[in-house]
Amino acid sequence: MKVLVPVKRVVDFNVKVRVKSDQSDVDIANVKMSMNPFDEIAVEEGVRLKEKGAATEVVAVSCGVTACQETLRTAMAMGADRAVLVETDAELQPLAVAKLLKAVVEKEQPQLVILGKQAIDDDANQTGQMLAALLDWPQATFASQIEVNGDQIQVTREVDGGLETVSLNLPAVVTTDLRLNEPRFVTLPNIMKAKKKTLDVLTPDEVGVDVAPRLKTLKVEEPPVRAAGVIVPDVATLVEKLKNEAKVI
Amino acid sequence: MSILVIAEHDNQQLNGATLHAVAAAAQIGEDIHVLVAGQGAQTVAQAAGQIAGVSKVLHADGESLADALAENMAAQVLSVAQNYSHLVFAATTAGKNVAPRVAAKLDVAQISDIISVESADTFKRPIYAGNAVATVQSADVQKVLTVRTTAFDAQAAEGGSAAIESVSPVADAGSSRFISRELAQSDRPELSSASVVITGGRGLGNAENFKLLDALADKLGAAIGASRAAVDAGYAPNDWQVGQTGKIVAPQLYMAFGVSGAIQHLAGMKDSKVIVAVNKDPEAPIFSVADYGLVADLFEVLPELTKAL
């Protein structure tokens, strides 16, 4: 079974982004970029499936600028066998990414696509579901456990209020939640090895996908700032303030 | 054209999140319909018809819809979608599961997690864990939206008298099966809609200590939440997680004990009306959003506070 793992290059989760003064976008010049954390979990899961013998090959794929090659090298250092970059400088929205991934799926013919449930930059939480819909494949979002049984996959999902388990016919799309696994750290020897692995580059034109954005960003603003609070000296003062000032208890 | 709100429910009760989705729909336009897709969910359909401002309920009743499988739910929405300019879901795990499937099949963009309606095609939504707010305009004919429930006051559950119209249920796609559900049983209010939320962080130290929050929660009728650090450490179940990728809450009163306040956590609670933080580290980022901060040992504060209330 071949597993395809799409990964996104995003602003590192430790960076607090700032809005540009002209309110056109956030300013991501010179900030640290990393693999989307949920996608790291997806790569880890793909690699574990291979280590368990349930998968034969793990292919990482990314869509975006040339620098996404770094993200793909990281995926290969974690254990992905090879990588595909659909390279473009265009702004990519989730629907466009889903269409590009569909084209890659048709080329690669994986039985399973594992991807992060959401990217921590646009917080959209759409691409996996959209890909599943475009392929007419079943999906299991927000996975906290995956078990492959022959031509089916059983997935435990983190839903509001608890857990839900579904079984899907393969091929299928799974999106990862935080508790699925803890991604491994990449080691120097593996980083060196990853440099020798194959990384193919395609373009949206080559795969025949129109990536024109459907949503226009009119403005990006700072969120409203909370007024500064006070430090209270003790519990008695806290209770007094909550009762008489904030009037919430 | 009309607006369709997709109801969330467990076949017995209408989930309160739907009332917030209807409230957002009411800011977009007037002719609001609600789709109730389920099995044996007549009481839900009746409840949906009573929501203020709803003019029609579409009720699809079938075995394929019993467990809200994404494949069948999306197909059901698509079976009626052509009549609507806007398809509106609550941004719950159920809504997030289905909405993008619908959008992709309609070949339209989805606008996730809207926090305000600027016009029928323009919406505001948080990005980068709420560190920025984007105003986006859709060029698509149909709009698929998910609604951040905390950003819209719930529509009145009573006052409407919409007609209920039956629509044919879709056939089972056959590609996925529901196996089981383990939902936490709790007498406490639901985290995302509670008016008081008490949250524990890694500062609580272990799962046993999380129970120290119970007495205070009992007194205040509060829901209990947790930071991601606490959930990852196994102190609390995952459905308690408050933050960018967990639950988004905006209660009247939010009390955080031993929560440091990573930006991902703040993203899930900073719209709360009053925030109280108790942490022994005076430099903890949680204090930057707290209305009332108390630099102290939570193990001393918790019993004292519970007694004082």
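The values are calculated or read from the model by the stated rules, or taken from the named source; none is laboratory data. It should be emphasised that the depicted structure is a prediction, and the values quoted were computed from it without experimental measurement. Here Cβ is always computed from backbone atoms with ideal geometry, including for glycine, and neighbour counts include all displayed protein chains.
Scanning the range A:1-25 for residues that are buried (at least 18 other Cβ atoms within 10 Å of the Cβ), assigned to a strand (DSSP E or B) and within 10 Å of chain B (Cβ to nearest Cβ) gives A:VAL10, A:VAL11, A:VAL19. Taking the range B:242-273 as the range and being closer than 24 Å to B:ALA91 by Cβ and among the hydrophobic types (A, V, I, L, M, F, W, C) as the test, the residues that pass are B:VAL242, B:ILE248, B:VAL249, B:ALA250, B:LEU253, B:ALA256, B:VAL259, B:ALA262, B:ILE263, B:LEU266, B:ALA267, B:MET269. For the residues A:GLN152, A:GLN145, A:GLN139, the requirement of being modelled with pLDDT of 95 or more, surrounded by 14 or more Cβ atoms within 10 Å (Cβ to Cβ) and either out of contact with any helix residue (DSSP H, G or I) (no Cβ under 9 Å at 6 or more places or on another chain) or basic (Lys, Arg) (or both) singles out A:GLN152.
Filtered by the rule that a residue be at positive phi and out of contact with any Gly (no Cβ under 9 Å at 6 or more places or on another chain), the range B:111-135 gives B:ASP113, B:TYR128. Taking into account only those residues within the range B:272-303 that are of a type outside the set (Gly, Ala, Ser), in a strand (DSSP E or B) and in contact with a Gly (Cβ under 8 Å, 6 or more places away or on another chain), which is farthest from the other protein chains (Cβ to nearest Cβ)? Ranking the qualifying residues of the range B:272-303, first place goes to B:ASN279.
Looking at the range B:84-94, which of the residues that are more than 7 Å from chain A (Cβ to nearest Cβ) and among the hydroxyl-bearing types (Ser, Thr, Tyr) is nearest to B:LEU14 (Cα to Cα)? So the residue we want is B:TYR84.
Within the set B:SER192, B:SER186, the sole residue that is small (Gly, Ala, Ser), at pLDDT below 95 and part of a loop (DSSP other than H, G, I, E, B) turns out to be B:SER186. Looking only at residues that are of a type in the set (Ser, Thr, Tyr) and within 25 Å of B:ILE111 (Cβ to Cβ) in the range A:122-163, which one is farthest from the other protein chains (Cβ to nearest Cβ)? For the range A:122-163, the residue satisfying everything is A:THR127.
Residue count for the range B:118-156 satisfying the condition of being under 17 Å from the mean Cα position of the chain (by Cα), in contact (Cβ under 8 Å) with a residue 40 or more places away in the chain and within 9 Å of chain A (Cβ to nearest Cβ): 4. Filtered by the rule that a residue be buried (at least 24 other Cβ atoms within 10 Å of the Cβ) and either away from every other protein chain (no Cβ under 14 Å) or part of a strand (DSSP E or B) (or both), the range B:59-83 gives a lone residue, B:ALA60. Among the residues of the range A:198-234, write down those that are more than 7 Å from every other protein chain (Cβ to nearest Cβ), assigned to a strand (DSSP E or B) and more than 30 Å from A:LEU72 (Cα to Cα). Within the range A:198-234, no residue meets the criteria. Scanning the range A:35-60 for residues that are more than 14 Å from chain B (Cβ to nearest Cβ), outside any helix (DSSP H, G or I) and of a type outside the set (Lys, Arg) returns A:MET35, A:GLY53, A:ALA54, A:ALA55, A:THR56, A:GLU57, A:VAL58, A:VAL59, A:ALA60.
Selection of first residues in the range B:1-21 that are closer than 16 Å to B:ALA157 by Cβ and of second residues that are of a type in the set (Asp, Glu), restricted to Cβ pairs under 7 Å at least 6 apart or on distinct chains, gives the following pairs, ordered by first then second residue: B:ASN15/B:GLU8; B:ALA17/B:GLU8; B:THR18/B:GLU8.
Criterion first (in contact (Cβ under 8 Å) with a residue 60 or more places away in the chain, assigned to a helix (DSSP H, G or I) and within 10 Å of chain A (Cβ to nearest Cβ)) does B:GLN264 satisfy it? So B:GLN264 passes the test. Taken over the range B:173-183, the residue count meeting the criterion of being at negative phi and either assigned to a loop (DSSP other than H, G, I, E, B) or more than 7 Å from chain A (Cβ to nearest Cβ) (or both) is 2. May I ask you to verify whether B:SER168 is within 14 Å of another protein chain (Cβ to nearest Cβ) and not acidic (Asp, Glu)? In short, no.
Residues in the range B:95-110 that are crowded, with 24+ Cβ neighbours inside 10 Å, at the interface with another protein chain (Cβ under 7 Å from one of its Cβ atoms) and either over 25 Å from A:PHE13 (Cα atoms) or in contact with a Leu (Cβ under 6 Å, 6 or more places away or on another chain) (or both): B:ARG101, B:ALA103, B:ALA104, B:ALA109.
Do we find that A:GLU221 is exposed (fewer than 14 other Cβ atoms within 10 Å of the Cβ) and touching a strand residue (DSSP E or B) at 6+ places or on another chain (Cβ under 6 Å) in this structure? Yes; evaluated as a whole, the condition is true for this residue. Based on this model, can you work out whether B:GLU208 counts as over 28 Å from B:ALA132 (Cβ atoms), surrounded by fewer than 18 Cβ atoms within 10 Å (Cβ to Cβ) and within 11 Å of chain A (Cβ to nearest Cβ)? Judged against the criteria, B:GLU208 is not a match.
Looking at B:VAL301, B:VAL249, B:VAL278, B:VAL295, which one is among the hydrophobic types (A, V, I, L, M, F, W, C) and under 25 Å from the mean Cα position of the chain (by Cα)? One residue alone meets the criteria, B:VAL249. Scanning the range B:260-275 for residues that are surrounded by 23 or more Cβ atoms within 10 Å (Cβ to Cβ) and closer than 20 Å to B:GLU208 by Cβ turns up nothing.
The residues listed here are B:SER161, B:SER166; of these, the one that is surrounded by fewer than 18 Cβ atoms within 10 Å (Cβ to Cβ) and assigned to a strand (DSSP E or B) is B:SER166.
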